[in-house]
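No lab work stands behind these numbers, since they all come straight from the coordinates. The shown structure was predicted, so the numbers you read here are calculated from the model rather than taken from an experiment. Cβ atoms come from the backbone with ideal geometry, glycine included; neighbour counts cover every protein chain shown.
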Amino acid sequence: MRATVRIGVLFGGPSAEHEVSCASALGVARALAERGHHVVALGITRTAGLRMVPEPALTRHLTTVAAGRAIDDRLPVTGPAVELRRGAGAGTVAVSAADAPATVHAELDVVFPVLHGPYGEDGVVQGLLESLGVPYVGCGILASAVGMDKVAMKRALRAEGVPTTPHVWFDEPAWRAAEDPEKLVVGLRRPLFVKPARMGSSIGISRVAEGDDLAAAVEEAFRHDHVVLVEQGVTGRELECGVLGGWRPEASAVGEVRVAGGWFDYRQKYFGDADPMIVPASLPDEVTERIRELSVRAFTAIGGWGLARVDFLHDEATGDLFVNELNTLPGFTAHSMYPKVWAASGLAYPEVVDRLVALAFTRHAARQSGAHPGGTP
């Protein structure tokens, strides 16, 4: 990879994880700049408009979010409205003025999507970048879509013998038509976790204990998706491991999440005052190695490329390990686990993002030569 690369950091978007994306983008942009790269921040508004965003404006936005103040329906940052199109050079993308396409504000060698949630980590933006012929960071279309869809993800993991939590799923018409909706979750013990199938960052998720209203939790999940996953709660430790690589992915140190209230909700995850991350987790060596091995297997099962964070539940009473989910575009905020577990493995945040950019070029070159690294990443 050349010493200085022109990198577009793409963030924001219309999903419910808009603010999280902004927070992650700020960290990524600063780390890339620290490695000597030329960074262009590209913010997508909630209504899908694209703007070039100066870093001071991004910083102001993050400060507003962290303070818990109300957020406008539009990305509250300034910058010219732009569009992406194929660049003049092979494998580049041009950032052109939206109202005057001949005016090119920047030419980019690679795009670093930091778009959490739908439209960003579900294969949609990856398809756009594929059509533009530009290298981009992270998983490809299929792996992104499978990783985002919790039902499809669990199918892929089970097919490869990766243990997952007991669960059921149903769509909204099935729920509405059921004479006794409780029968849709027969066989699962409470507490239950009710989740939208295609959403991240704990958005729309409810914990349903004995005596709690299952219907209310399902309705909350339906606010975000028409398919709902219901998982049996596992009493155990919440452990997370990072995967990084392409042809031969590697697993990081293992971290642990410890929070009050029984689970790691959206505000604690991104904007809480306390740091619930313990890195590295205190575990027997054999458990750590098993988690690392399962993380790589899970990543390979979905055809991953670049990065993912794999979340586990460990029942110490039985020794069972379950993959709870696999996130192909994990958070990169100051509170995020992914940079922390790699730091504990000897790879600092700027080195992680630098390596991800190099992997983007590796995949692009392989595809240009007719190869398809990692299956269909």
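Looking at the calculated P(r) for the chain, what percent of the C-alpha pair distances fall above 34 Å? Here the tail beyond 34 Å accounts for 26 percent of pairs. Ordering Val134, Trp342, His226 by Cα displacement along the dipole of the chain toward the positive end leaves Val134 in first place; charges were set at the Cβ atoms of Lys, Arg (+1) and Asp, Glu (-1).
Positive-end ranking of Gly236, Thr288, Val39 along the dipole of the chain, with charges on Cβ about the Cα centre, is headed by Val39.
May I ask you to work out the translational diffusion coefficient for region 72-189 at 4 °C, viscosity 1.567 mPa s, via Stokes-Einstein with Rh from the Kirkwood sum over Cα pairs, reported in whole µm²/s? Here the translational diffusion coefficient equals 72 µm²/s. Seen from every direction in turn and averaged, the convex hull around the alpha carbons of region 117-185 projects onto 6.4 nm². When the helices of the chain are scored as -39500 (n - 2.57) per DSSP H run of n ≥ 4 and the total is divided over every residue, the value at 222 nm lands at -10000 deg cm²/dmol.
The 3J(HN,Hα) values that the Karplus relation (6.51, -1.76, 1.60; θ = phi - 60°) gives for region 217-232 are, in residue order, 5, 5, 4, 5, 5, 5, 5, 10, 6, 8, 10, 10, 10, 10, 10, 6 Hz. Gly and Pro appear as x. Here the Karplus relation 6.51 cos²θ - 1.76 cosθ + 1.60, evaluated at θ = phi - 60°, turns the backbone of region 32-43 into coupling constants of 5, 5, 4, 7, x, 8, 8, 10, 10, 7, 10, x Hz, with x for every Gly and Pro. Only lysine pairs 8 or more places apart, or on different chains, with alpha-carbon atoms under 23 angstrom apart are counted in the chain, and they number 8.
Taking max minus min of the alpha-carbon positions on each principal axis, region 105-257 gives extents of 56, 35, 28 Å, largest first.
Note on region 146-162 and region 309-324: Cα centroid distance 16 Å, given to the nearest whole angstrom.
The 3J(HN,Hα) values that the Karplus relation (6.51, -1.76, 1.60; θ = phi - 60°) gives for region 110-126 are, in residue order, 7, 10, 10, x, 10, 9, 6, x, x, 6, x, 10, 10, x, 5, 5, 4 Hz. Gly and Pro appear as x.
Relative to the dominant Cα principal axis of the chain, helix 55-66 is inclined by about 20°.
Peptides 85-96, 232-243 ranked from most to least packed by the mean count of surrounding Cβ atoms within 10 Å: 232-243, 85-96. Across the chain, Cα pairs under 8 Å and at least six residues apart give a relative contact order of 17 percent. By the Stokes-Einstein formula, at 1.306 mPa s and 10 °C, region 290-377 with its Kirkwood radius over alpha-carbon pairs has D equal to 109 µm²/s. With the charge dipole of the chain set up from +1 on Lys and Arg Cβ and -1 on Asp and Glu Cβ about the Cα centre, the Cα lying farthest toward the positive end among the listed residues Ala106, Val162, Leu188 is that of Ala106.
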